[in-house]
Amino acid sequence: MSYCVNCGVELHPTAKSCPLCHTPVVNPRHPSDEQIPPPFPSHREEVPPVDRRELVLLYTVLLLSVSLCCGLLNLLFLRTQRAWSLYVIGAAVTLWLWFVPPLLHRSLHLWLRLALDTCAVGVYLLLISIDLHGWDWYLQLALPIILSGGLLTILLGLLLRGHHRSILTSITLIIGALGLFTLSIEYWVDRWLFGTFTPGWSVVVLVICAAIIVPLIVIRRTPGLREEARRRFHL
Ligand SMILES: [Zn+2]
């Protein structure tokens, strides 16, 4: 049994140099034995990455079979007044639109992907509104909220992606976007219910968001505090 003269690690009989510090092994009493199989494999092998087209096929088949089964069950056996299978099919279409296009086209622009995600949510709620005969609430309430949320998400995505943002800046932007989204929800709900907008509960949320954002900006701008936050929260 040999040990490395430099770092003291135990050496395998076949070792010609230390695996840790690469110091050559020179031991006249125990010359390296070529006959013993080495402890590590001589060549490197890697698990091949999953083919994205196969993954797309798997997702598609999975979602299609769930939709078909529910559709047939709804049509043939569980016939109720509500077309409940529409909800499942809508969810399947939404999931497909969320996950498959980014897998098929890796170079798809972020804003295009987020716009597609927003459209998928819009289509899903459209199916629900068809089932509930809720064309009015869809056009005047659901669609504006989805569009506001989608627009904010696209803006947020572009802002976060544009430059290499620190975690503090990202958190600040996300909280700001959430505050604005809450305000837009109240705006559209008020317009739908009363026809006018009176700021209420969303202002409370907005104030709380601002109360979190201001200290975050102060921490971001003060080098000493920024370092402390980095150390404490492992940012
Ligand atoms: Zn060594």
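The values are calculated or read from the model by the stated rules, or taken from the named source; none is laboratory data. Remember, predicted model here, so these are calculated numbers, not experimental data. We place every Cβ from the backbone using ideal geometry, glycine too, and count neighbours over all the protein chains shown. Note: accessible area is taken over every heavy atom of the protein model, side chains too, but ligands, DNA and RNA are not part of it. Shrake-Rupley method; radii C 1.70, N 1.55, O 1.52, S 1.80 Å.
For the stretch 46-53, indicate whether the set of residues that are among the β-branched types (V, I, T), in a loop (DSSP other than H, G, I, E, B), out of contact with any strand residue (DSSP E or B) (no Cβ under 8 Å at 6 or more places or on another chain) and modelled with pLDDT under 85 is non-empty.
Checking the stretch 46-53: at least one residue is among the β-branched types (V, I, T), in a loop (DSSP other than H, G, I, E, B), out of contact with any strand residue (DSSP E or B) (no Cβ under 8 Å at 6 or more places or on another chain) and modelled with pLDDT under 85.
Counting only residues that are within 14 Å of I213 (Cβ to Cβ) and in contact (Cβ under 8 Å) with a residue 24 or more places away in the chain, which one in the stretch 154-171 is most open to solvent (accessible area, probe 1.4 Å)?
Ranking the candidates gives I171 first.
Anything in the stretch 54-83 that is in contact (Cβ under 8 Å) with a residue 12 or more places away in the chain and assigned to a loop (DSSP other than H, G, I, E, B)? List them, or say none.
Passing the criteria: R82, A83.
Residue by residue, here is whether (1) within 30 Å of L104 (Cβ to Cβ); (2) within 13 Å of the ligand (Cβ to nearest atom); (3) basic (K, R) holds:
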residue: G8; (1), (2), (3): no, yes, no
residue: P13; (1), (2), (3): no, no, no
residue: Y59; (1), (2), (3): yes, no, no
residue: S65; (1), (2), (3): yes, no, no
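Scan the stretch 16-45 for residues that are at pLDDT 85 or above and in a loop (DSSP other than H, G, I, E, B) and jot them down.
Result: K16, C18, P19, L20, C21, H22, T23, V25, V26.
Out of curiosity, is D51 out of contact with any Gly (no Cβ under 8 Å at 6 or more places or on another chain) and either closer than 30 Å to S107 by Cβ or open to solvent by 100 Å² or more (accessible area, probe 1.4 Å) (or both)?
yes
Does the stretch 68-85 contain any residue that is touching a Gly at 6+ places or on another chain (Cβ under 7 Å), away from the ligand (no atom under 16 Å from the Cβ) and farther than 30 Å from L156 by Cβ?
yes
Conditions (1) surrounded by 15 or more Cβ atoms within 10 Å (Cβ to Cβ); (2) within 22 Å of L112 (Cα to Cα), marked per residue:
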residue: H133; (1), (2): no, no
residue: L141; (1), (2): yes, no
residue: L152; (1), (2): yes, yes
residue: L173; (1), (2): yes, yes
residue: E186; (1), (2): yes, no
residue: F194; (1), (2): no, no
residue: V204; (1), (2): no, no
residue: V214; (1), (2): no, no
residue: T222; (1), (2): no, no
